[in-house]
Amino acid sequence: MTIRERLEWLSRMAFLVFILASAAFLSAITAMRVAIHGREVSMPNLVGRNVAEASQSLRSKGLVLRVADRLYSDLPINQVVRQTPPPGMLMKVSQQAHVVLSLGQKQLEIPSLEGNTLRAARIELLREGLQVGEVSSVSIPDETPETVLLQNPKEGRNAATPRVDVLVAGIPREESYVMPYLIGLSEIEAQRRLDLAKLKRKLNYLSAPQWPHATVIDQAPLAGTRIGVSSEVELTVAN
């Protein structure tokens, strides 16, 4: 074989290797795309289906059903009323689909809860087949803590959900002050200011010749600290 023939043979072999390598690369890219898209599935329509059917439909696609809530509706009990995500959305395998299930067409009368304690309200709702929903609180002077002030839904309305949200009276917040700067004042003036704020105090006397007699030389809490009316202020006075 001449040198020219050998070079031509090597060129053909190199071209053949290039073709095979290109085909392998394209095959790998195609396989990766198929694998990536193969992990995505379309969310089925679950509304109107029984919870067991909906769960089976999701499992067949590698998805998981989670019951987010229940409410009364015209649909039979345990049928899907709403779903999240909506039908047609692409989902990753093993993702969760949240559904709201129907409690059926039964409508319950809401009892009056306002003026009752939160505990009494819970018992009353349980007696009617309902339950306490979100509990919020607000501090109102002269109101007994944990007394129901407002309810939603109001008394007498048919329940679209088994939960009744309530607003209750919270524990009254203690009146507070910002601690003033008392150092350098006379003992009499410092006590006068504390008396105006109705704050208790404890006095300590310390020999401090460098300070004028009966002058406040230290305080606790420090100036600027927020303190409640029941707090005790400690003053150190030069003796």
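Annotations
- Single match in Glu174, Glu109, Glu128, Glu189 (criterion: closer than 30 Å to Val216 by Cα and modelled with pLDDT under 90): Glu174
Quick grid of which residues meet (1) assigned to a strand (DSSP E or B); (2) within 38 Å of the chain's Cα centre (by Cα); (3) modelled with pLDDT under 95:
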{"site": "Lys198", "(1), (2), (3)": "no, no, yes"}
{"site": "Arg201", "(1), (2), (3)": "yes, no, yes"}
{"site": "Ala208", "(1), (2), (3)": "no, no, yes"}
{"site": "Trp211", "(1), (2), (3)": "no, no, yes"}
{"site": "Val216", "(1), (2), (3)": "yes, no, no"}
{"site": "Leu222", "(1), (2), (3)": "no, yes, yes"}
{"site": "Ile227", "(1), (2), (3)": "yes, yes, yes"}
{"site": "Ser230", "(1), (2), (3)": "no, yes, yes"}
{"site": "Leu235", "(1), (2), (3)": "yes, no, no"}
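- Restricting the range 45-85 to residues that are among the hydroxyl-bearing types (Ser, Thr, Tyr) and in contact with a Pro (Cβ under 8 Å, 6 or more places away or on another chain), the residue that is nearest to Leu103 (Cα to Cα): Tyr72
- Whenever a residue of the range 216-239 is without any contact (Cβ under 8 Å) to a residue 40 or more places away in the chain and assigned by TED's automatic domain parsing to the domain that holds Lys198, its partners that are part of a strand (DSSP E or B) and of a type in the set (Gly, Ala, Ser), lying with C-beta atoms within less than 7 angstrom and at least six residues away or across chains, give the pairs Ile217/Ala238; Glu234/Ala220.
- The set of residues from the range 131-156 being among the β-branched types (Val, Ile, Thr) and assigned to a loop (DSSP other than H, G, I, E, B) comprises Ile140, Thr144.
- Test: residue in the range 115-127 that is part of a loop (DSSP other than H, G, I, E, B), in the same structural domain as Arg163 (by TED's automatic domain parsing) and either under 23 Å from the mean Cα position of the chain (by Cα) or of a type in the set (D, E, K, R) (or both): no
The values are calculated or read from the model by the stated rules, or taken from the named source; none is laboratory data. Predicted, not measured: the structure shown is a model, and the values here were computed from it. Neighbour counts run over all protein chains shown; Cβ positions are idealised from the backbone, glycine included.
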